[in-house]
1. Taking the conditions exactly as written (among the β-branched types (Val, Ile, Thr), within 21 Å of GLN63 (Cα to Cα) and surrounded by fewer than 16 Cβ atoms within 10 Å (Cβ to Cβ)), does THR204 satisfy them or not?
2. Can you tell me how many residues in the range 223-248 are farther than 30 Å from SER57 by Cα and surrounded by 16 or more Cβ atoms within 10 Å (Cβ to Cβ)?
3. Which residues, counting only those in the range 68-104, are in contact (Cβ under 8 Å) with a residue 60 or more places away in the chain, under 19 Å from LEU33 (Cα atoms) and in contact with a Lys or Arg (Cβ under 6 Å, 6 or more places away or on another chain)?
4. All but one of (1) within 17 Å of PHE156 (Cβ to Cβ); (2) of a type in the set (Gly, Ala, Ser); (3) in contact with an Asp or Glu (Cβ under 7 Å, 6 or more places away or on another chain) hold for GLY21; which doesn't?
5. Test of understanding: among GLU251, GLU209, GLU199, GLU164, which residue is loosely packed, with under 13 Cβ neighbours inside 10 Å and either outside the structural domain of ASP127 (by TED's automatic domain parsing) or part of a helix (DSSP H, G or I) (or both)?
6. Inspect the range 265-288 for any residue being outside the structural domain of ALA148 (by TED's automatic domain parsing), among the acidic types (Asp, Glu), farther than 17 Å from SER205 by Cβ and in contact (Cβ under 8 Å) with a residue 24 or more places away in the chain and give the result as yes or no.
7. Any idea which of (1) in a loop (DSSP other than H, G, I, E, B); (2) under 21 Å from SER174 (Cα atoms); (3) not aromatic (Phe, Trp, Tyr) is the one ALA113 doesn't satisfy?
8. With the condition being closer than 22 Å to LEU168 by Cβ and either outside the structural domain of ALA163 (by TED's automatic domain parsing) or in contact with a Ser or Thr (Cβ under 8 Å, 6 or more places away or on another chain) (or both), I'd like the helices (runs of 4 or more DSSP H) fully within the range 1-106 carrying at least 2 qualifying residues.
Amino acid sequence: MGEGYDALRGGAACMDLSARGRIVVRGRDRARLLHNITTNEVKSLAPGAGCYAFLLSPQGRIQADLLLFCFEDHFLIETEPELREKVLQHIRRYIVADQVELEDAAARIGEAALEGPGAAAVLASLDAPVPLADYAHAPWGTATVASASLTGQPGFRLFCPAAETAGLIRRLQSAGAKPATPKDCRIVRVENGKPRYGEDILETSLPQETGQMHAVSFSKGCYLGQEIVERIRARGHVNRRLRLVALPGVEPAPPGSLLQVDGKPAEVASSVYSPRAGMAIALVYVRE
């Protein structure tokens, strides 16, 4: 593999994520609304904190996943590029008498990622904050540094005015970060068993099937889709679960391929050749 993969695995790599979705939510009722339509705890978030959450349908199916960052006067939602408009429409659907304003901020706010075991050292060398708690964030000049990973490696997101993104990435590279490609990121993501919405998490997925239960609070009270999530928890199991498995040989399996895992039927979600393992691997849904 190239230097981007090696940097993600053993050093520090940077990526331009400006294509991803960024939505700013303002208004006095912003915390209450987001609390009521997402799966995680939002009302208790203080400025400088954040969380990972799902948006569910009333039937408990995952419509989107997102990062939520709390600021003094707004929330910043970060999501997959293809989910930006869907998330905007979903939130608008539930604004009734709420005083909430939405801004599609993808063109105004730029975004970069810095990931790998050396990412924190790169930030420290630039006198940037190094938030430790998951989804915590802190200001750095005109930018914001947040603790959040795209690939499952130790990592950070950096948000800044869109016109400053290229310069910010140059600063990271001057401090030792190597550029990584989307292919590098995808391989490391799958190696780490980290699912991506659109490949491994779909509109038909239930939260418990994905294994991403850090997106769900079981103590927050009512939210959209909660009844189904609680019913599954009471039942104690789901019919399938996402797992990382090794495949025979070096050829990745196409999405939707059927195979057997421990004698159980399974369907491939995403698959790559793993240089680390020296074989093909896949995230698959295994029937239980």
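The values are calculated or read from the model by the stated rules, or taken from the named source; none is laboratory data. Computed from a prediction, not measured in an experiment: that's the story for all the values here. Note that we place each Cβ from the backbone using ideal geometry, even for glycine, and neighbour counts take in every protein chain shown.
1. Yes; evaluated as a whole, the condition is true for this residue.
2. Result for the range 223-248: 1.
3. Residues satisfying the conditions are GLU78, GLN99, VAL100, GLU101.
4. Single failed check for GLY21: (1).
5. GLU251
6. As a first pass, look at the range 265-288 and keep what is outside the structural domain of ALA148 (by TED's automatic domain parsing): 265-288.
After this cut, where a residue has to be among the acidic types (Asp, Glu) as well, the list is 267, 288.
If we keep only those that are farther than 17 Å from SER205 by Cβ as well, we get none.
So far as the range 265-288 goes, no, none of its residues is outside the structural domain of ALA148 (by TED's automatic domain parsing), among the acidic types (Asp, Glu), farther than 17 Å from SER205 by Cβ and in contact (Cβ under 8 Å) with a residue 24 or more places away in the chain.
7. (1)
8. Correct list: 3-10.
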